[in-house]
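Pasting a structure below so you can have a look.
The values are calculated or read from the model by the stated rules, or taken from the named source; none is laboratory data. Since the model is a prediction, treat every value here as computed from it, not as a measurement. Cβ placement follows ideal geometry from the backbone for every residue including glycine, while neighbour counts extend to all protein chains displayed.
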Amino acid sequence: MAPRDRLIVALDVPSLAEAERLLDRLEGQVTHFKIGSQLFTASGPAAVLAVQKRGAEVFLDLKFHDIPSTVAGAVAAATRLGVWMLNVHASGGAEMMRTAHRAALEAADRQNTSPPLVIAVTVLTSLDEAALGALGVRGPLADHVEALASLAQQAGLDGVVASPRETARLRARCGRAFAIVTPGIRGAEPGQAKRDDQARTLSAAGAIAAGATYIVVGRPIIGAPDPRSAAARIVAEAGG
């Protein structure tokens, strides 16, 4: 995989117009973009189309977490949009994850297209061990992440979202073919040292070295004075 194809830029912006400005600035430099709840709530499928018409792929980051039948319907709808990857919450349970995976395969088969990668969120990168304990989860955070990743793999999912701090452990547990998508990427550029609401972060180089398949980068790129140059720096740092 080319280093630039490991980078997913998070379009965490409030409007389609702002997303399109970023897409225009990053066209040809970035091949994968994440659309999350903020942009999708504001703009809906138009945001997905805006990425696709520029020849890039969409990771639809809506973190589906509901009863299995509801999640299946959402996954089928996302598959019909032609997204490259989507996610569910591993804490929704094994049956929900199995149903999500099956829904993606069936929807893709009906329209004769490739199914999206279906991955599971383990523990949000904004949470640390104390926050997880307040939710009633006992034991080390890394153990909980590993247990959720194992459950997702057993349910047939293609991979997980996990912080770069757990990536090496998950790679050892789940093998080379299992996709590990790592948000919480921060760099050494001025103004990027502040961790804001991310509790478990690492550099792009550190995440790739630990075994990440893809890295998700938002603010260090979209908040930079020159997003294109910032993306190029992160790709270079990650090995390209």
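One line per residue, one yes/no per condition, for (1) surrounded by fewer than 16 Cβ atoms within 10 Å (Cβ to Cβ); (2) part of a helix (DSSP H, G or I); (3) modelled with pLDDT of 95 or more:
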position: 61; (1), (2), (3): no, no, yes
position: 76; (1), (2), (3): no, yes, yes
position: 95; (1), (2), (3): yes, yes, yes
position: 107; (1), (2), (3): no, yes, yes
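Could you please find all residues in the range 41-59 being touching a residue at least 40 places away in the same chain (Cβ under 8 Å) and not in a strand (DSSP E or B)? If you could, list the steps in order and put the result at the bottom.
Narrowing the range 41-59 to residues touching a residue at least 40 places away in the same chain (Cβ under 8 Å): 51, 59.
Once the filter is applied, which keeps residues that are touching a residue at least 40 places away in the same chain (Cβ under 8 Å) and not in a strand (DSSP E or B), the range 41-59 yields only 51.
Can you pull out the residues in the range 162-182 that are surrounded by fewer than 16 Cβ atoms within 10 Å (Cβ to Cβ) and within 12 Å of residue 149 (Cα to Cα)?
Of everything in the range 162-182, those that are surrounded by fewer than 16 Cβ atoms within 10 Å (Cβ to Cβ) and within 12 Å of residue 149 (Cα to Cα) turn out to be 172, 173, 175.
If you take the residues in the range 221-240 that are modelled with pLDDT under 95 and assigned to a loop (DSSP other than H, G, I, E, B), which one is farthest from residue 172 (Cα to Cα)?
That would be 240.
To keep it simple, each residue is scored yes or no on (1) over 16 Å from residue 218 (Cα atoms); (2) surrounded by 22 or more Cβ atoms within 10 Å (Cβ to Cβ); (3) at pLDDT 95 or above; (4) under 16 Å from the mean Cα position of the chain (by Cα).
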{"position": "11", "(1), (2), (3), (4)": "no, yes, yes, yes"}
{"position": "18", "(1), (2), (3), (4)": "no, no, yes, no"}
{"position": "21", "(1), (2), (3), (4)": "no, no, yes, no"}
{"position": "30", "(1), (2), (3), (4)": "no, yes, yes, yes"}
{"position": "67", "(1), (2), (3), (4)": "yes, no, yes, no"}
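Sticking with this one: Among (1) over 18 Å from the mean Cα position of the chain (by Cα); (2) of a type in the set (S, T, N, Q); (3) under 18 Å from residue 154 (Cα atoms), which single condition is residue 91 missing?
Going through (1) over 18 Å from the mean Cα position of the chain (by Cα); (2) of a type in the set (S, T, N, Q); (3) under 18 Å from residue 154 (Cα atoms) one by one, residue 91 breaks only (1).
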